[in-house]
Amino acid sequence: MDRVDIAIIGTGPAGISAAITSVIRNKKILLLGSADLSAKMRKAQEIRNYPGLPAVSGEALSAAMQEHLSSMGIEITEDKIISVYAMGSYFALQAASGIMYEASSVILAAGVTAAKPFPGEEELLGRGVSYCATCDAPLCRGKEVIVIGFSPDEEKEAAFLAETASAVTYIPMYRQEVQLPETIRVERARPAGIASDGQKRIVRTQEGTLTCDAVFVLRESVSAGTLVPGLETDGPHVKVDLQMRTNLPGCYACGDIAGKPYQYIKAAGQGNTAALSAVSDLDEKKDS
Amino acid sequence: MVKKISGDDFQEVLESKKAVVDFSAGWCGPCKMLAPVIDAISSDLDGQVDFFNIDVDEAPELAAQYSVMSIPAVILFKDGEAVSVAVGFRPQPELETWIRDTLL
């Protein structure tokens, strides 16, 4: 895998704008996201404050951005990034596909998710609560495990854990039918919090409590702070300065992920700024 | 330099004045990414702090003894006592500052 100059995570207006500016400045980029750009943007009824496009529908704006990308030969790589490692001189991006991408700089433009962590979840991360079944399954040999899955995709993670753990309880956070081996107990309860008494982990639900040795919380998307270890965040947002720089050199953030207001034009503007900062920093490194 | 040790050599950690122990495993992605970071820090702190690496599959009793439930887990030891733990990948500047502040 060749190392690119700038990896952009997110294909909403922020990521698209960052990609366009980066390419105009002759940088090699990797634009990661969905070929459909942004479902949120598509669904917008009418956007009235995007200068130059009075009363544009989300679909039309999306189509226009799609056309802009195509006209510049900018392709989208559909792969979900699950971890970004700041290695100092470059960034390693671990994707769900198993591919490890490399980039000299990273622009975070992944938007905001409504999902809030459960009470106790963040405090117990690494001490009984895990986000990664592949990473921690071997440490659960002979142990009892609870898996809280936010989408049917997580069912295979629960099945994987069942190969090592002595018992797996699966709590689905969705309504569809669950397809799991019979050895896994499915508990349709709403988790309210996670606690630890030193020896065991306790998951409180609306119906009562469940005890186990380890809890796996498997969400579709992770928070920025979890995605990029070492990144300074402020609640669900990434802390940035006016040039969209984060606390990690070579890492920038733009759009909803960088804070309010959540507006398309603001996202596009920040995407442009983040790209110019990345370009400037890359050029400075080359010259020094 | 990071010395790979097994459960039998753990005495070296207990006898060291200042030690950093990286609990990891070959199949763990974040562990592989953390390895070069720990290696770089070990060079920076060469002569001041001892650096060790333990494979949790080879030494499960040690992992259990120090309550390692997620890896990578970096445990700092002062005169044989575990004084601080950091779980998961951290960038070098953050990890090095934590090690310096805790051990030096």
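The values are calculated or read from the model by the stated rules, or taken from the named source; none is laboratory data. Keep in mind that this is a model prediction, so the values were computed, not measured. FYI the Cβ positions are ideal-geometry reconstructions off the backbone, even for glycines, and counts take in every protein chain you see. To get the accessible areas, we keep the full protein, side chains included, count just its heavy atoms, and leave off ligands, DNA and RNA. Shrake-Rupley method; radii C 1.70, N 1.55, O 1.52, S 1.80 Å.
Observations
- Peptide A:126-139 is shielded by partner chain Cβ atoms: per residue, an average of 5 of them sit within 10 Å of its Cβ.
- Max mean-square fluctuation residue, GNM over chain A, Cα-Cα springs under 10 Å, options A:Gly259, A:Gly33, A:Gly142: A:Gly142
- Relative contact order [Cα under 8 Å, 6+ residues apart], chain A, whole percent: 22
- Within region B:49-90, the residues that become at least 50 Å² less accessible when every protein chain is included than when their own chain is isolated (1.4 Å probe; DNA, RNA and ligands ignored) are B:Met69, B:Ser70, B:Phe89.
- Its relative contact order, with pairs defined as Cα atoms under 8 Å and 6+ residues apart, puts chain B at 37 percent.
- Carbon + sulfur, % of accessible area of region B:25-104 - ligands and nucleic acids excluded, 1.4 Å: 47
- Between chain A and chain B, roughly 1500 Å² of accessible surface gets buried, counting both sides and using a 1.4 Å probe.
- Evaluated over the Cα positions of chain A, the convex hull gives a direction-averaged projected area, one quarter of its surface, of 16.7 nm².
- Checking Cβ-Cβ separations below 4.7 Å across chain A identifies A:Cys140, A:Cys212, A:Cys251, A:Cys254 as cysteines lacking any candidate disulfide partner.
- Long-range amide H partners of A:Ser34 with built H, under 5 Å: A:Thr11
- Think of region A:1-156 as having a plus end and a minus end, set by charges on the Cβ of Lys, Arg, Asp and Glu; of A:Leu31, A:Tyr90, A:Met1, A:Tyr90 sits farthest toward the positive end of this dipole.
- Accessible solvent surface per residue of region A:129-218, calculated while the other protein chains remain in place, 1.4 angstrom probe, Å²: 50
- The residues of region B:2-103 have, on average, 44 Å² of accessible surface per residue, using a 1.4 Å probe with all protein chains present.
- At least 20 Å² of accessible area lost relative to the chain alone, listed for region A:229-260 with a 1.4 Å probe: A:Pro229, A:Gly230
- Dipole moment magnitude, nearest 20 debye, region A:129-218 about Cα centre, only Lys, Arg, Asp, Glu C-beta charged: 260
- Sulfur and carbon atoms: percent of accessible area, region A:165-288 [1.4 Å]: 47
- Counting only residues at least eight positions apart within a chain, or on another chain, the lysines with an alpha carbon under 23 Å from that of B:Lys4 are B:Lys17, B:Lys18, B:Lys32, B:Lys78.
- Student exercise, chain B dipole from Lys, Arg, Asp, Glu Cβ charges, in Debye to nearest 20: 300
- In region A:67-85, burial by the other protein chains removes 50 Å² or more of accessible area from A:Tyr85, compared with the chain on its own (1.4 Å probe, ligands and nucleic acids ignored).
- Remark: the Cα gyration tensor places region B:1-82 in the oblate category, a/c being 1.5 or greater and a/b not exceeding b/c.
- Summing charges over neighbours of A:Ala275, with a neighbour being any other residue whose Cβ is under 10 Å away from its Cβ, gives +2 when K and R count +1 and D and E count -1.
- Taking the DSSP bridge list for chain A and keeping only pairs wholly inside it, about 45 percent are antiparallel.
- Integer Hz, Karplus 6.51/-1.76/1.60 couplings in order for region A:6-19, x for Gly and Pro: 9, 9, 10, 9, x, 10, x, x, 5, x, 5, 4, 4, 5
- Exposure ranking of A:Thr134, A:Thr21, A:Thr183 by accessible area [1.4 Å probe, largest first]: A:Thr183, A:Thr134, A:Thr21
- Whole-Hz ³J(HN,Hα) from phi, Karplus 6.51 cos²θ - 1.76 cosθ + 1.60, for region A:142-152, glycine and proline x: x, 10, 9, 10, 10, 10, 9, x, 8, 7, x
- Per-residue HN-Hα couplings for region A:210-218 [Karplus 6.51, -1.76, 1.60; θ = phi - 60°; Hz; x = Gly/Pro]: 10, 10, 6, 8, 8, 10, 10, 9, 10
- Pairs from A:Lys116/A:Lys239; A:Lys28/A:Lys285; A:Lys143/B:Lys3; A:Lys27/A:Lys286; A:Lys239/A:Lys266 whose Cα-Cα separation, in the structure shown, is over 20 Å: A:Lys143/B:Lys3
- Counting DSSP beta bridges with both ends in region A:1-127, the antiparallel % (nearest 5): 50
- Charging the Cβ of each Asp and Glu at -1 and of each Lys and Arg at +1, and nothing else, the dipole of the protein assembly as shown about its Cα centre rounds to 1300 debye.
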